[in-house]
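Peer 1: Here's a structure for you.
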Amino acid sequence: MEFRYQQNNQVYPVRVIERGEYEEVVIDGRHYRVRAKRVDESTLDLWIDGDFTRVRHASDGNRRWVALEGATHQATLERHRRATRNAGDAENTLAAEMPGQIVAVAVAEGDAVQRGALLVLMEAMKMELRVIAPHDGTIDKVLVATGEAVERGQTLIEMALQ
């Protein structure tokens, strides 16, 4: 997963790479080994390069606040713009809205589906996300498999109108 944070007038590129028991976080070219454990809705226990710290966090839209070691830091998430697609293509290509893991794939290539049918079940941030058919159609391509980790914006299913 890649994104950018702006703090004051400085923009920092951030990349998060899952490595099994930890994530490798690259911020402005510096690498950190991070493990996180959610304590409650606004508190995380973090181990950053082996050092423990507890942080409190809050968000409002694309603004983030993090209280760390007695100081509060504010940053703004700079959202990536998605590629422009034709209106028809947008309804025929179904992508992950956030990073997560595929729990189940309910369709196969060539299947006819009706609007509202479950296509893919994902888990993201301890939530179950259902990817459903936006219209009646036929599954052209299934681009993911059960157990696979996916990134935000990654295409999961391509389908054709019926």
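Peer 1: Looking only at the stretch 135-162, count how many residues are in a strand (DSSP E or B) and closer than 14 Å to Asn92 by Cα.
Peer 2: The number of residues fulfilling the criteria is 13.
Peer 1: Could you check the stretch 110-149 and list, in sequence order, the residues that are β-branched (Val, Ile, Thr), at pLDDT 90 or above and within 28 Å of Glu41 (Cβ to Cβ)?
Peer 2: Residue satisfying the conditions is Val120 alone.
Peer 1: Only one of Val107, Val34 is surrounded by 14 or more Cβ atoms within 10 Å (Cβ to Cβ), modelled with pLDDT of 90 or more and under 30 Å from Thr138 (Cβ atoms); which?
Peer 2: Val107
Peer 1: Name every residue in the stretch 110-134 that is exposed (fewer than 14 other Cβ atoms within 10 Å of the Cβ) and not in a strand (DSSP E or B), in order of residue number.
Peer 2: Matches in the stretch 110-134: Gly110, Gln114, Arg115, Gly116, Met125, Lys126.
Peer 1: Restricting the search to the stretch 39-72, which residues are closer than 19 Å to Val14 by Cβ, in contact (Cβ under 8 Å) with a residue 12 or more places away in the chain and not aliphatic (A, V, I, L, M)?
Peer 2: The answer is Trp47, Asp49, Thr53, His57, Asn62, Arg63, Arg64.
Peer 1: Which residues, counting only those in the stretch 121-143, are closer than 14 Å to Thr155 by Cβ and under 15 Å from the mean Cα position of the chain (by Cα)?
Peer 2: Met122, Val131
Peer 1: Next question. Does the stretch 112-162 hold any residues that are acidic (Asp, Glu) and touching a Pro at 6+ places or on another chain (Cβ under 8 Å), and which are they?
Peer 2: Keep residues of the stretch 112-162 that are acidic (Asp, Glu), which gives 123, 128, 136, 140, 148, 151, 158.
Within the stretch 112-162, Glu151 is the sole residue that qualifies.
The values are calculated or read from the model by the stated rules, or taken from the named source; none is laboratory data. The structure displayed is predicted, hence computed values, not measured ones. Neighbour counts run over all protein chains shown; Cβ positions are idealised from the backbone, glycine included.
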